[in-house]
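The values are calculated or read from the model by the stated rules, or taken from the named source; none is laboratory data. It should be emphasised that the depicted structure is a prediction, and the values quoted were computed from it without experimental measurement. So basically every Cβ, Gly included, is an ideal-geometry build from the backbone, and we count neighbours across all protein chains shown.
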Amino acid sequence: MVSETTEDPNELISELMKKILTQILFLTLLPLAVAFAVTPTSKEFALESLKKFSTAGHHKSKGINMVLSYPSSWSAEEGERPNIVQRFFSEGGRGLEGAFIVTKKLELPLGTVLSENDLTEFFTAVEMKTMLPPGAKFIHAKATKIEGLPAGILEYSLSQERAGFTFESQFISYTFIYGVTMVQLGFMVSAGQNTSPVVLARRMDEFKPLFFLMANSIVLQDKWK
């Protein structure tokens, strides 16, 4: 149950989420590359060719102790900004597909406790749709659960520019709140400018099985103690 406050915690979280999603646009720009990944790396999960990343003890984890599996062919590096714990890139860092882990302490009134019902109401498709970054085109949103916690899936597309180079990207993010920390596992596929939405959507469809497996590999180490 939520403690008595003068503001609705769900509204506060919604505003924070909008700000965070906007910031992510500038934090997850992929390295420029000339080649795309052409082999569905979801096969690596079936072959157990995996690496694991743990947020335990990481100075950006906000106390979250989470383990995630990712393809051994992908590179991993720490994000440059305070809330980006880690970024992962396909093709050993040369590809235009990526993932990122974001953690953010929610600035809620002291003593606020979010119940499962509060979180379930927050992660509805309608509520998630209001969290689109500026300029993004909505594709899909739905509620789900991650490690038994209410969570949301938001998918959208966006045109981005960096150093004079424009590229099209499609994102899918899995977001949940553990305690008072928001955790987001985001994924993106990108292509060169003037790429049609249909081609980009097909690219996302190719990598969705991998992204789904990565999201479902999440283990919150201290949740079940």
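Could you list all residues from the range 154-182 that are polar (S, T, N, Q) and either in contact (Cβ under 8 Å) with a residue 60 or more places away in the chain or surrounded by 21 or more Cβ atoms within 10 Å (Cβ to Cβ) (or both)?
GLN160, SER169, GLN170, SER173, THR175, THR181
Can you tell me which condition LEU132 does not meet? The list is (1) crowded, with 16+ Cβ neighbours inside 10 Å; (2) without any contact (Cβ under 8 Å) to a residue 60 or more places away in the chain, and all the others hold.
Failing condition for LEU132: (2).
Among (1) crowded, with 18+ Cβ neighbours inside 10 Å; (2) without any contact (Cβ under 8 Å) to a residue 40 or more places away in the chain, there is one condition TRP224 misses while meeting the rest; what is its number?
(1)
Pick from ALA151, ALA143: which is of a type in the set (Gly, Ala, Ser), crowded, with 21+ Cβ neighbours inside 10 Å and closer than 24 Å to ASP222 by Cα?
Of the residues listed, the single one that is of a type in the set (Gly, Ala, Ser), crowded, with 21+ Cβ neighbours inside 10 Å and closer than 24 Å to ASP222 by Cα is ALA151.
Which of the residues spanning the range 185-202 are modelled with pLDDT of 90 or more and crowded, with 22+ Cβ neighbours inside 10 Å?
LEU185, GLY186, PHE187, MET188, VAL189
Looking at the range 119-144 only, could you name the residues that are at pLDDT below 90 and aromatic (Phe, Trp, Tyr)?
PHE122
Name the residue, out of ASP118, ASP205, that is more than 23 Å from THR55 (Cβ to Cβ), free of Cβ contacts under 8 Å to residues at least 12 places away in the same chain and surrounded by fewer than 21 Cβ atoms within 10 Å (Cβ to Cβ).
Answer to the check: ASP205.
For the range 72-115, which residues satisfy the criterion of being surrounded by fewer than 17 Cβ atoms within 10 Å (Cβ to Cβ), under 16 Å from the mean Cα position of the chain (by Cα) and either modelled with pLDDT of 85 or more or outside any loop (DSSP other than H, G, I, E, B) (or both)?
ALA76, GLU77, GLU78, LYS105
Is it the case that PHE211 is modelled with pLDDT of 90 or more, surrounded by 21 or more Cβ atoms within 10 Å (Cβ to Cβ), over 27 Å from PRO82 (Cα atoms) and touching a strand residue (DSSP E or B) at 6+ places or on another chain (Cβ under 8 Å)? Can you show your working first?
Values: modelled with pLDDT of 90 or more: yes; surrounded by 21 or more Cβ atoms within 10 Å (Cβ to Cβ): yes; over 27 Å from PRO82 (Cα atoms): no; touching a strand residue (DSSP E or B) at 6+ places or on another chain (Cβ under 8 Å): yes.
When the stated conditions are applied, PHE211 does not pass them.
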